[in-house]
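Reviewing the structure listed below.
The values are calculated or read from the model by the stated rules, or taken from the named source; none is laboratory data. Remember, it's a predicted structure, so these values are computed and weren't measured experimentally. All Cβ positions, even for glycine, are placed from backbone atoms using ideal geometry, and neighbour counts span all protein chains on display.
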Amino acid sequence: MFRETAFTDIQCDSALDDAAAGFMMDEDTFRAFYDRTARGLWAYLARLTGDRQLVEDLLQETFYRFLRAAATYDNETHRRNSLYRIATNLARDVRRRSMARAASVPVGDDIERVPSRQGAGATERMADFNRAMSRLKPRERAMLWLAYAEGASHREIADVLGLRPTSLKPLLFRARRKLAELLGRAPRGGKP
Amino acid sequence: MKPIDCELESEVLAAVLQNRWPDRVDASLREHVAACAICADVLAIAGAIDDAREELRARAVVPDSGRVWWLAQMRARREAAQAAGRPITAAQVIAFACAMSLLGACFGATSAWFQSALRQTASSLAGLRFQALLPFAVAFVSEHGAVLLGMAAILLVVPAAVYLTMLRE
């Protein structure tokens, strides 16, 4: 005997079809895009949050929101910027929530505690770098990472971080100066 | 005004990222970096950030793209089903209320017992003198004011709580 089809079934089925079609790209395009961007995004989120478990959750959430976004992209760069913007906002929300929960509870740093594969010297250098980065503001960390690890242009960084392109240059300059000092390079013409 | 960027910054960055610094770059670029605070900062941080990037990317454990796609699809379907279910639930509540009203009206129209009880209540209410009830009501409120206030609060708070819970869901 055939199962009777009720009005609610039809309504639900069409909603499910809409959901599947609601993604902004098909599976093959998504998988290719994911393979190109996931590792870089993981590293970016790891640098912003420092918590492995959180990074995995945020990675999944970022790609989900990206897929559900009703947006059209001109090119790969535009698409990638949008992905990083979503990730930045999610990481910022998590930070705000954790700050609201308890001002003394920091976002984890278990990624930084994992030993490097490149020997003791590299591990030490990495630890110094991590210490220096942790003393920067989250926005400064994001800015420097996008500029020097991802090779993003000033306009792209401003777009991802929701800043005006004109205000980015001085902010980037200050962040770079601060990190260089923390890494042990004395300011030129100033105090040692 | 102090300069905040340098036109050779990108050249220094490229030299560091391509492992050309310091041996495989022009002497003029080395001289420039020695004199330029901005390029010296870029030199100091670019190598460290690039090393950290390589290290983190090597450590990255990203789920398979097929799994991410599948999970996203499942979640989209679940959300779509919830969204589709919401108006159905509202319609069901309205339909239930209408059916109960209709049932009540039919019962009232056909039951002789209900009609006689209704008539009796109406006639006793017509003979009631509200002025005589006023002192009793005042005494009741002053004696059980806190209880009445609590009941009124529950009547207001419970529906509001239910509404807010449903809204969050």
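Screening B:Leu56 against (1) touching a Phe, Trp or Tyr at 6+ places or on another chain (Cβ under 9 Å); (2) within 30 Å of A:Leu48 (Cβ to Cβ); (3) modelled with pLDDT of 90 or more; (4) aliphatic (A, V, I, L, M) leaves a single unmet condition, (3). B:Glu143 - would you say it is more than 34 Å from the chain's Cα centre (by Cα), among the acidic types (Asp, Glu) and surrounded by 10 or more Cβ atoms within 10 Å (Cβ to Cβ)? So B:Glu143 fits the description; yes.
If you take the residues of the stretch A:71-127 that are farther than 25 Å from B:Glu54 by Cβ and at pLDDT below 70, which of them is surrounded by the fewest Cβ atoms within 10 Å (Cβ to Cβ)? Per the criteria, the residue is A:Ser104. Annotation: of all residues in the stretch B:52-72 being part of a helix (DSSP H, G or I) and surrounded by fewer than 17 Cβ atoms within 10 Å (Cβ to Cβ), the one that is nearest to the chain's Cα centre (by Cα) is B:Leu71.
Within the stretch B:45-65, is there a residue that is free of Cβ contacts under 8 Å to residues at least 60 places away in the same chain and farther than 27 Å from A:Thr123 by Cα? Scanning the stretch B:45-65, I find at least one residue that is free of Cβ contacts under 8 Å to residues at least 60 places away in the same chain and farther than 27 Å from A:Thr123 by Cα, so the answer is yes.
Regarding the stretch B:22-34, can at least one residue be identified that is crowded, with 19+ Cβ neighbours inside 10 Å, at pLDDT 90 or above and farther than 20 Å from A:Leu45 by Cα? Yes - at least one qualifying residue is present in the stretch B:22-34. As a summary of the residue check, A:Ser134 satisfies the conditions (1) small (Gly, Ala, Ser); (2) in contact (Cβ under 8 Å) with a residue 24 or more places away in the chain; (3) within 11 Å of chain B (Cβ to nearest Cβ) except for the one numbered (3).
Here the condition is being touching a Gly at 6+ places or on another chain (Cβ under 7 Å), aromatic (Phe, Trp, Tyr) and in a helix (DSSP H, G or I); of B:Phe107, B:Phe140, B:Phe136, B:Phe114, it holds for B:Phe114 alone.
Yes or no, residue by residue, for (1) of a type in the set (A, V, I, L, M); (2) touching an Asp or Glu at 6+ places or on another chain (Cβ under 8 Å):
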{"site": "B:Arg24", "(1), (2)": "no, no"}
{"site": "B:Cys39", "(1), (2)": "no, yes"}
{"site": "B:Glu54", "(1), (2)": "no, no"}
{"site": "B:Ala60", "(1), (2)": "yes, no"}
{"site": "B:Ala84", "(1), (2)": "yes, no"}
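Filtering the stretch A:58-86 to residues that are assigned to a loop (DSSP other than H, G, I, E, B) and touching a Ser or Thr at 6+ places or on another chain (Cβ under 8 Å) leaves A:Ala69, A:Ala71, A:Tyr73. Of all the listed residues (B:Val33, B:Val93, B:Val42), the sole one being of a type in the set (A, V, I, L, M, F, W, C), in contact with a helix residue (DSSP H, G or I) (Cβ under 7 Å, 6 or more places away or on another chain) and more than 9 Å from chain A (Cβ to nearest Cβ) is B:Val33.
Once the stretch A:173-192 is narrowed to residues that are more than 8 Å from every other protein chain (Cβ to nearest Cβ) and modelled with pLDDT of 90 or more, the residue that is surrounded by the most Cβ atoms within 10 Å (Cβ to Cβ) is A:Ala175. For the stretch A:14-24, a residue qualifies if it is surrounded by fewer than 15 Cβ atoms within 10 Å (Cβ to Cβ) and either at pLDDT 95 or above or more than 7 Å from chain B (Cβ to nearest Cβ) (or both), and the qualifying residues are A:Ser14, A:Asp17, A:Ala21. Report yes if B:Ala80 is at the interface with chain A (Cβ under 7 Å from one of its Cβ atoms) and modelled with pLDDT under 90, otherwise no. In short, yes.
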